[in-house]
Amino acid sequence: MEKIVPILKALADHTRYKILNLLLTHDLCVGALANRLHLSKAAISQHLQVLRKAGLVRGEKRGYWTHYAVQRSVLAQIAGELDQMISRILPLKSTCFRAFPEKKMIKERGANQMCKDCCEHPDKLKGKPEDCTAEQIKECHGDIKEHPCEKEKK
């Protein structure tokens, strides 16, 4: 985690993101990047320094100029770590899948359709399912026609 945060911070800037995308197509020098992005060479140099410190680019001296290239292995490592993060945040089998936008993926991993307590926000509901308003049901269970607790009783 200590490695990923500086890299994500470096990528969070729009200009640095553009620089990285350009460098993924060609190795370029500061002047070429400045011309393509319509920025000063000094500004590009400062952005490249941040990307270098994060380990995302490396410079290689070619004659008088330094050409920069993306460290693709670092990008692949970050992508792998983010992918692992996604798999770690998936709910346990007792978690209500309605609280997550990745419903299909969660269903495939075996999560129950409803949590054991049925309602994600019982404090916002009334005592019995039949007393719930449509707004309360929608807030707790999503956009459904009838309260899921009623289905379970049938």
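The values are calculated or read from the model by the stated rules, or taken from the named source; none is laboratory data. These numbers were taken from a predicted model, which means no experiment stands behind them. A quick note on method: Cβ atoms are made from the backbone with ideal geometry, for glycine too, and the neighbour counts reach across all protein chains shown.
What to note about this one:
- Note on the stretch 69-80: among residues that are surrounded by 14 or more Cβ atoms within 10 Å (Cβ to Cβ) and either modelled with pLDDT under 95 or not small (G, A, S) (or both), the one that is nearest to L20 (Cα to Cα) is V70.
- A count restricted to the stretch 40-50 and to residues that are closer than 14 Å to C29 by Cβ and in contact with a Lys or Arg (Cβ under 7 Å, 6 or more places away or on another chain) stands at 1.
- Restricted to the stretch 21-68, and to residues there that are among the aromatic types (F, W, Y) and surrounded by 13 or more Cβ atoms within 10 Å (Cβ to Cβ), the residue that is farthest from K9 (Cα to Cα) is W65.
- The residues of the stretch 28-57 that are under 29 Å from E2 (Cβ atoms) and in contact (Cβ under 8 Å) with a residue 40 or more places away in the chain, listed by number, are V50, L51, K53, A54, G55, L56.
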